[in-house]
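Asks: Sharing a structure below in structure tokens format, with a few things to ask.
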Amino acid sequence: MRGLDLSHLRGDITGGITAGVVALPLAIALGVASGLGPVAGLYGAIAVGFFAALAGGTPSQISGPTGPMVVVLAGLFASLSGSVELVLTAVILAGLLQIVFGMLGLGQYIRLVPYPVISGFMSGIGAIIIILQLGRLLGHAPPGEPVEALVYLPTALSDINFTALALGIGTLAMTFLWPAKWGRFVPSPLAALIAGTVLATVALDVPVLGQIPTGLPDLHMPVFERDSLMLVIEAAAILALLGSIDSLLTSLVADNMTRTRHNSNRELIGQGIGNTVAGFIGGIAGAGATMRTVVNIRSGGATRISGMTHALVLLAVVLGLGSLASNIPHAVLAGILVKVGLDIIDWSYLKRAHRGPRWDLALMVLVLGLTVFVDLITAVGVGVVLAALAFVRQVARSQIESLKNLPEHLDSPQEKAILEELGERVSLFDFGGPLSFGAAADLGHHVRAFNEPGTQVMILDFSRVPFLDLSAALAIETIATDARTSGKTLFLAGMCTEVAAVLRGLNNGIPGNGNYGTRLEALQAAQLKLPRRQSRLPSGMDVAPA
């Protein structure tokens with residue numbers, strides 16, 4: 001690892017302290033939301049924040065507990081009946097998986113998730129956070145699963161703690177209305193946390209966090225139980241994938257603000273180290289945090305020292321101020337988390353979604369619904385598969401459509417003369433680009449459909465085909481077999497080395513009756529094969545590209 005850059009030390013310290021102040025109420029609130037408690041949120045913020053900054057690939061990024069990660073942890077905590085050790089085992093495994101992702105160079109592929117899928121699952125996560133806090137705002141302790149929390153909502157509405165509701169709504173309003181110029185000195189979540197806690201301590205009777213452990217954390221070793229092993233592994237995989245996507249998206253935001261370029265694979269390794277350490281010391285999993293990163297950069301943070309400073313600020317809080325945090329009301333944290341959930345929802349896209357492709361909007365809504373009512377891994381998996389299939393369908397349609405058009409480039413007088421002479425006895429198919437498995441199913445059908453009844457020679461022009469996959473290669477083989485069965489001669493032309501290698505490998509040679517370097521050479525070969533007749537251009541001549 002390269003040495004620390006001290007050229008921005010003043011800005012890094014200022015940015016780190018400011019980001020630490022912003023992170024404090026969020027770490028506490030997200031720790032409570034996860035089910036592991038406020039101190040787990042703080043330990044997670046310290047471990048992930050320090051080690052992801054030290055070993056990661058985005059110098060100005062601030063990492064720590066985030067809403068998406070907490071949603072997974074809360075669900076796991078509920079599924080495991082509150083087994084803290086098993087949840088922490090999932091956090092450790094998730095960190096190790098992220099390290100593997102980085103070492104295998106998967107960072108560049110994780111960023112290929114389509115935007116409607118990202119928008120859908122991020123918005124779904126925001127909705128889950130809000131759903132899980134509705135009961136807290138009403139003065140109750142709802143279940144940790146979103147569907148169960150919705151089912152519990154009528155019960156909470158039948159017995160509302162109006163004091164807690166007013167305090168939670170007031171906290172939420174304060175996070176929105178806090179003046180921006182004051183926010184440079186005291187961030188709105190921290191101001192709302194302090195104001196709500198002081199008000200509740202002095203004048204209100206509402207549920208509070210209670211005793212919070214202070215001091216250095218204990219060491220937690222992984223625990224494996226046969227009955228829950230698959231559940232823990234599945235949660236670890238979700239945490240690793242979700243944390244990687246979340247962190248790399250935040251890295252892109254940091255790149256845009258600093259005009260730099262992050263190292264995706266190194267970032268995954270740094271995040272993995274941070275999450276592994278977090279699990280060992282009893283902290284929740286984290287990822288790159290967009291809001292905290294933006295605050296850090298705007299406050300002068302530019303290098304990894306800023307992220308490490310932010311973690312040290314939180315460590316000082318844990319060591320000295322834990323007793324004060326015990327008086328924080330649940331309703332105040334619920335108000336802050338509702339703001340977090342609202343910020344995660346992709347309002348920017350939703351406002352203009354009606355003007356974009358309907359398919360993308362439908363995909364986003366589907367992923368959002370699956371995220372809320374099923375689970376994250378199903379939502380992302382279904383979304384990516386459907387997006388890929390839709391893209392393949394569009395490409396295949398474009399490839400097949402080119403069969404219905406005349407060749408775009410017949411500038412050679414020789415080619416025109418030969419086509420006029422041979423007329424309908426030759427069918428020329430000019431493939432207009434790459435051939436994929438999406439087009440393969442219809443390729444043979446369309447070639448047959450565009451063949452004239454009197455065709456004796458077919459020419460397939462591959463001049464604009466840089467590659468083809470197995471399905472397309474087998475479709476070409478089928479065309480060759482059909483030509484042979486019907487007594488037609490098949491010439492191939494213009495194949496690049498890659499295309500020729502694929503066809504040769506599957507067939508122990510190039511299919512058809514000849515392989516020529518150019519279309520003109522193939523036409524000249526057809527001219528030699530067919531008997532001469534008076535040159536003319538028949539009205540029904542078939543000249544079509546594939």
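Asks: How many of the residues in segment 358-381 are surrounded by fewer than 17 Cβ atoms within 10 Å (Cβ to Cβ) and touching a Leu at 6+ places or on another chain (Cβ under 7 Å)?
Replies: Total satisfying the criteria: 1.
Asks: Looking only at segment 318-353, count every residue that is farther than 30 Å from V365 by Cβ and of a type outside the set (V, I, T) and tell me the total.
Replies: Number of matching residues: 12.
Asks: Return the total of residues in segment 482-518 being assigned to a helix (DSSP H, G or I) and either surrounded by 14 or more Cβ atoms within 10 Å (Cβ to Cβ) or in contact (Cβ under 8 Å) with a residue 24 or more places away in the chain (or both).
Replies: Looking only at that region, the number is 11.
Asks: Scan segment 341-354 for residues that are buried (at least 19 other Cβ atoms within 10 Å of the Cβ) and assigned to a helix (DSSP H, G or I) and jot them down.
Replies: Those that are buried (at least 19 other Cβ atoms within 10 Å of the Cβ) and assigned to a helix (DSSP H, G or I): G341, I344, Y349.
Asks: Now, a different point. When you go through (1) over 23 Å from I328 (Cβ atoms); (2) open to solvent by 40 Å² or more (accessible area, probe 1.4 Å) one by one for T163, which number turns out not to apply?
Replies: Failed condition: (1).
Asks: Restricting attention to segment 238-247, report how many residues are out of contact with any Leu (no Cβ under 7 Å at 6 or more places or on another chain), crowded, with 24+ Cβ neighbours inside 10 Å and modelled with pLDDT under 90.
Replies: Here the count works out to 1.
Asks: Now for a different question. Checking the condition open to solvent by 10 Å² or more (accessible area, probe 1.4 Å), out of contact with any Ser or Thr (no Cβ under 8 Å at 6 or more places or on another chain) and among the small types (G, A, S), which residue from G135, G82, G139, G168 passes?
Replies: Result of the check over G135, G82, G139, G168: G82.
Asks: Which condition number in (1) more than 24 Å from A141 (Cβ to Cβ); (2) open to solvent by less than 20 Å² (accessible area, probe 1.4 Å); (3) in contact with a Leu (Cβ under 6 Å, 6 or more places away or on another chain) is the one that A396 fails?
Replies: (3)
Asks: Are there helices (runs of 4 or more DSSP H) fully within segment 265-340 with at least 2 residues that are surrounded by fewer than 24 Cβ atoms within 10 Å (Cβ to Cβ) and among the small types (G, A, S)? List them.
Replies: Correct list: 304-320, 322-325.
Asks: Condition first: assigned to a loop (DSSP other than H, G, I, E, B) and of a type in the set (G, A, S). Now tell me which residues in segment 419-443 satisfy that.
Replies: Taking segment 419-443 and keeping what is assigned to a loop (DSSP other than H, G, I, E, B), we get 431-434, 436.
G432, G433, S436 - these are the residues of segment 419-443 that are assigned to a loop (DSSP other than H, G, I, E, B) and of a type in the set (G, A, S).
Asks: While we're here: Looking only at residues that are of a type in the set (V, I, T) and under 18 Å from the mean Cα position of the chain (by Cα) in segment 243-298, which one is farthest from L190 (Cα to Cα)? Walk me through it before giving the result.
Replies: At the first step, the residues of segment 243-298 found to be of a type in the set (V, I, T) are 245, 250, 253, 258, 260, 269, 273, 276-277, 281, 284, 290, 293-295, 297.
Now narrow it down to the ones that are under 18 Å from the mean Cα position of the chain (by Cα): 245, 250, 253, 269, 290.
On the way: I245: 27, T250: 22, V253: 24, I269: 31, T290: 17 Å.
Here the answer is I269.
Asks: Residue check, V232 against (1) open to solvent by 10 Å² or more (accessible area, probe 1.4 Å); (2) in contact with a Phe, Trp or Tyr (Cβ under 8 Å, 6 or more places away or on another chain), all met but one. Which one?
Replies: The single condition V232 does not satisfy is (1).
Asks: With the structure loaded, tell me whether V223 is open to solvent by 10 Å² or more (accessible area, probe 1.4 Å), touching a helix residue (DSSP H, G or I) at 6+ places or on another chain (Cβ under 7 Å) and outside any helix (DSSP H, G or I) or whether it fails that test.
Replies: So V223 fits the description; yes.
Asks: Working only within segment 419-442, note down all residues that are of a type in the set (D, E, K, R) and either free of Cβ contacts under 8 Å to residues at least 60 places away in the same chain or open to solvent by less than 10 Å² (accessible area, probe 1.4 Å) (or both).
Replies: Hits for segment 419-442 are D430, D442.
Asks: Could you please let me know if A362 is under 30 Å from I194 (Cα atoms), of a type in the set (A, V, I, L, M) and in a helix (DSSP H, G or I)?
Replies: no
Asks: Against the definition (in a helix (DSSP H, G or I), closer than 30 Å to S326 by Cα and open to solvent by less than 40 Å² (accessible area, probe 1.4 Å)), how does A192 come out, yes or no? Before the answer, list the steps.
Replies: Details: in a helix (DSSP H, G or I): yes; closer than 30 Å to S326 by Cα: yes; open to solvent by less than 40 Å² (accessible area, probe 1.4 Å): yes.
Judged against the criteria, A192 is a match.
Asks: Hey, another quick one. Mind checking which residues of segment 456-476 are open to solvent by less than 10 Å² (accessible area, probe 1.4 Å) and either part of a loop (DSSP other than H, G, I, E, B) or β-branched (V, I, T) (or both)?
Replies: V457, I459, F462, V465, I476
Asks: Right, something else. For L26, are the conditions met, namely being open to solvent by 20 Å² or more (accessible area, probe 1.4 Å) and farther than 15 Å from G274 by Cβ?
Replies: Answer is no for this residue.
The values are calculated or read from the model by the stated rules, or taken from the named source; none is laboratory data. A quick note: this is a predicted structure, and the numbers were derived from the prediction, not measured. Don't worry about glycine lacking a Cβ; one is built from the backbone with ideal geometry, like all the others, and counts go over all protein chains shown. Note: areas computed on protein heavy atoms with side chains; ligands, DNA, RNA excluded. Shrake-Rupley method; radii C 1.70, N 1.55, O 1.52, S 1.80 Å.
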